[in-house]
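Read through the structure below, which is laid out as C-alpha cells, and then see the notes.
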Amino acid sequence: MLHQLEGSQAIAKAVALCRPGMVCAYPITPQTHIVEHLGELIHAEELWNCDYVNVESEMAAISVTIGSQAAGVRSYTATSSQGLLYMQEGVYNASGLELPMVMTLGNRAIGSPINIWNDHSDAMSVRDAGWIMLFPETNQEAADLHIQAFKIAETLQCPVMVCVDGFVLTHAYERVDIPSPEMVDDFLPHYEPRFCLDAANPLAIGTMVPPEYFMEVRYLAHKKQLGALKIIEQVGKDFYKKFDRHSGGLIRTYKTEEAKTIIVAMGSVLGTIKDTVDELNAQGEKYGVVSVVSYRPFPAEALRAALAHAQHVVVVEKALAVGTGGILFQELELPLKNIVRKISSIIAGLGGRAITKSMLKYALKQDEREIFLGLDQNVVAEKIQLVKSCCCK
Amino acid sequence: MFQVRIHGRGGQGVVTAAEMLSIAAFLEGKHAQAFPSFGSERMGAPVVSFCRISNREIRLREPVQEPNAVIIQDRTVIGPARAFQGIVSGGYALINSPEAEYEDQGRDDITMKCVGATEIALEHIGKPLPNAILLGSFAALTKIIQLDSVLEAIKTKFSGAIAEKNSVAAKIAYDRLA
C-alpha cells in the first residue's frame, strides 16, 4: 500500500515486516527515528514476539545483537557515524562469527570536526569488515533492501548493512509502497538458525584460531563474499518477481547504451545525477549513469561489463581517503585498467555539502583527474595563511 | 514541478509544515518530497524546509534554490535567511504578518500576501504555532493543493482537539486569501 512517509518510518515498517525477534536501540543522529519508530510499532503490537532492548552505548548495541543472533534469534540494530566507530570491534566479530544480522547505517560524516550531516565516511570505515553493504537510492529502495537484506544474510550466513543516506533519505518524506505482511512472509520465511547457542546442546563459537587455520578462515570469508554476488543478484530478481519492483541487485544502469561518459555513484545522489544527465543529453551530450547498489561484495565484473564501452568514467562519491583520494574511484581504477581510457574522480557532499545539478554540470566540463565539488578556495587559502602565521611565532 | 521553501524558527513547526504539505499533495495522488535543511533544527534558530510537488516521480534531492513559492513563518528571518532569494517569476511569497511589515523586496513579478497566522493561532489554538494555518492560506493563494487535503494532512500530524483547532484555524486562514 502506498504511503507518504519519512524514510526512517518506511525503514522501520519494512524491518518490522521481517519479524525480527530482537531490536537493539541506541540513539544517534540521523538514525534515531528508525529505532524510535520500531519501538512504537512494538508498543502498538504491530510487531510482536520481539524484544526491544535499550542499551547504554553502541558497543553494547552490537554486542547484544551478536548475542541475540548467536542464540538463534533474527536480530536488528541501527547506527551512524561515531556510533559505528564505537561498535567497530563488534562489527568485525559479527561477520567473523557468521551471524546473519541486519544493521541500518544512517550514513553520516565522521569527526573531528563534529558534523552530523550526510556523507559516506562511516560506511567506508568498515568496508573491509566482511559485511555485505548495500546502498539504496530512494526510500522505496531503502525499505525494499531491508527485506532483501534478511534474506541475503540468512542465505549466506553473513551480516548485512544497509547504508542509507542520513537526512537526505532518513528525514525525507516521500511516497513508499509498504508491502503486505503476507507477501513479506512468503518472500522471507520464518528464521531457522543453522547453529545457535543452546544450554541443552552446548557449543562454542568464536574460539581462538591459530596460524595453522587463520589464513583459511579469511580465505573462506573472501570466497563467501565473492559468492554473495550471485545471491544478491538472485534475491533482487526474486524480489522483482514477488513485488513487481526493481530494487537491489548489484548495479543498475541508466541511459548507458549510447553514453560516451558514464557517471558512477552510490546512494541518494543518483537521483540528482540522473536529472543532470537528462538535461545534458537534451542538449545533445551523451551521458549515462551506473548505480552501485552492492558495494560489498564489490561487483567488479558487472561494472566492467557496464562501463567497457565508455570513453570516460566519472566517479562521484561522498567519501575521501585522506592521503590517497576517492575510495570508490580507486576501487574502479584497477578493474577498468586497459578497458576505459580515462577515469576521473569527483569528491562531493562531504559533511552534508549540497550537491546540485549546476555544480555537477560545471564539474563535468572540467578536464581534471580529481575535483572537490563546490570547494571554496578562499576558505582554503585563509586557513593555510592562518596556520602559517601561527607557526612563525 | 512546483517547489516550495519554508522559512521560520525552530519550534514553529517549519519541518512539520513541509511534511504536511507533502502529505496533502500525496493525498491528491501527486508525487511529493519534503525534507528539512538537514539537522539545523534548534529552538529559535532560523530553520528552512523544502517541499517539491510533481505529477511525476521526483528524483532531484538538491535544496530548493528557485522556489515557486516561499512560506515565511517568522518575518524576522526574511533578511538574515534571504528568504526571498531565487523565487521564480510568477511565484508566490506568503508571509506570517498581520500587515505588510517587511522590507520591500522590489519584486513586482511575484505575488506577496500577508496573513496574521500567529494571531489566528493564539486565538484558536492558544499557542503561537503558525505552520498548519499558513498551509490553509497557501492552498488559497497557489491553488496547488485543495484545502480539504490540507485539513486531512493536519489529522495525520496532530490528533484530537489540537487537530480540530488547527483545522478550524487553517480554514480561517484559507478564507482570508480565497
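The values are calculated or read from the model by the stated rules, or taken from the named source; none is laboratory data. Remember, it's a predicted structure, so these values are computed and weren't measured experimentally. Here the Cβ positions follow ideal geometry from the backbone for every residue, glycine too, while neighbour counts run over all protein chains shown.
Residues in the stretch A:20-46 that are under 23 Å from A:Pro100 (Cβ atoms), among the aliphatic types (A, V, I, L, M) and within 25 Å of the chain's Cα centre (by Cα): A:Met22, A:Val23, A:Ala25, A:Ile34, A:Val35, A:Leu38, A:Leu41. Inspect the stretch A:166-185 for any residue being among the aromatic types (Phe, Trp, Tyr), under 30 Å from B:Arg56 (Cβ atoms) and free of Cβ contacts under 8 Å to residues at least 40 places away in the same chain and give the result as yes or no. No, the stretch A:166-185 contains no residue that is among the aromatic types (Phe, Trp, Tyr), under 30 Å from B:Arg56 (Cβ atoms) and free of Cβ contacts under 8 Å to residues at least 40 places away in the same chain. Among what's in the stretch B:121-136 and is more than 15 Å from the chain's Cα centre (by Cα) and among the hydrophobic types (A, V, I, L, M, F, W, C), pick the residue that is surrounded by the fewest Cβ atoms within 10 Å (Cβ to Cβ). Only one residue tops the list, namely B:Leu122. Of all the residues in the stretch B:49-58, those that are buried (at least 18 other Cβ atoms within 10 Å of the Cβ) and in a loop (DSSP other than H, G, I, E, B) number 1. Selection over the stretch A:344-387 of residues that are of a type outside the set (Lys, Arg), out of contact with any helix residue (DSSP H, G or I) (no Cβ under 6 Å at 6 or more places or on another chain) and not in a helix (DSSP H, G or I) gives a count of 13.
Selection within the stretch A:268-295: residues that are in a helix (DSSP H, G or I) and of a type in the set (S, T, N, Q). The member of this set that is nearest to the other protein chains (Cβ to nearest Cβ) is A:Thr272.
What do you reckon, is A:Leu38 closer than 27 Å to B:Leu27 by Cα, out of contact with any helix residue (DSSP H, G or I) (no Cβ under 6 Å at 6 or more places or on another chain) and outside any loop (DSSP other than H, G, I, E, B)?
Against the criterion (closer than 27 Å to B:Leu27 by Cα, out of contact with any helix residue (DSSP H, G or I) (no Cβ under 6 Å at 6 or more places or on another chain) and outside any loop (DSSP other than H, G, I, E, B)), A:Leu38 does not qualify.
Residue count for the stretch A:320-363 satisfying the condition of being in contact (Cβ under 8 Å) with a residue 24 or more places away in the chain and acidic (Asp, Glu): 1. Consider the stretch B:45-68 and keep the residues that are among the basic types (Lys, Arg) and in contact with a strand residue (DSSP E or B) (Cβ under 7 Å, 6 or more places away or on another chain). The one that is nearest to A:Ala354 (Cα to Cα) is B:Arg52. Of the strands (runs of 3 or more DSSP E) lying entirely inside the stretch A:145-255, the ones with 3 or more residues being within 14 Å of chain B (Cβ to nearest Cβ) are found at A:173-177.
This table checks each residue for (1) within 22 Å of A:Val313 (Cα to Cα); (2) crowded, with 17+ Cβ neighbours inside 10 Å.
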position: A:Lys224; (1), (2): no, yes
position: A:Ala228; (1), (2): no, yes
position: A:Ile232; (1), (2): no, yes
position: A:Asp238; (1), (2): no, no
position: A:Lys241; (1), (2): no, no
position: A:His246; (1), (2): no, no
position: A:Gly271; (1), (2): yes, yes
position: A:Glu279; (1), (2): yes, no
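Scanning the stretch B:1-36 for residues that are more than 19 Å from B:Pro80 (Cα to Cα) and in a helix (DSSP H, G or I) yields B:Thr16, B:Ala17, B:Ala18, B:Glu19, B:Met20, B:Leu21, B:Ser22, B:Ile23, B:Ala24, B:Ala25, B:Phe26, B:Leu27.
Take the residues in the stretch B:27-48 that are within 14 Å of B:Leu135 (Cβ to Cβ) and at the interface with chain A (Cβ under 10 Å from one of its Cβ atoms), then tell me which one is surrounded by the fewest Cβ atoms within 10 Å (Cβ to Cβ). The qualifying residue surrounded by the fewest Cβ atoms within 10 Å (Cβ to Cβ) is B:Leu27.
Here A:Phe298 does not qualify as closer than 14 Å to A:Met266 by Cα, of a type outside the set (Ser, Thr, Tyr), assigned to a helix (DSSP H, G or I) and in the same structural domain as A:Glu257 (by TED's automatic domain parsing).
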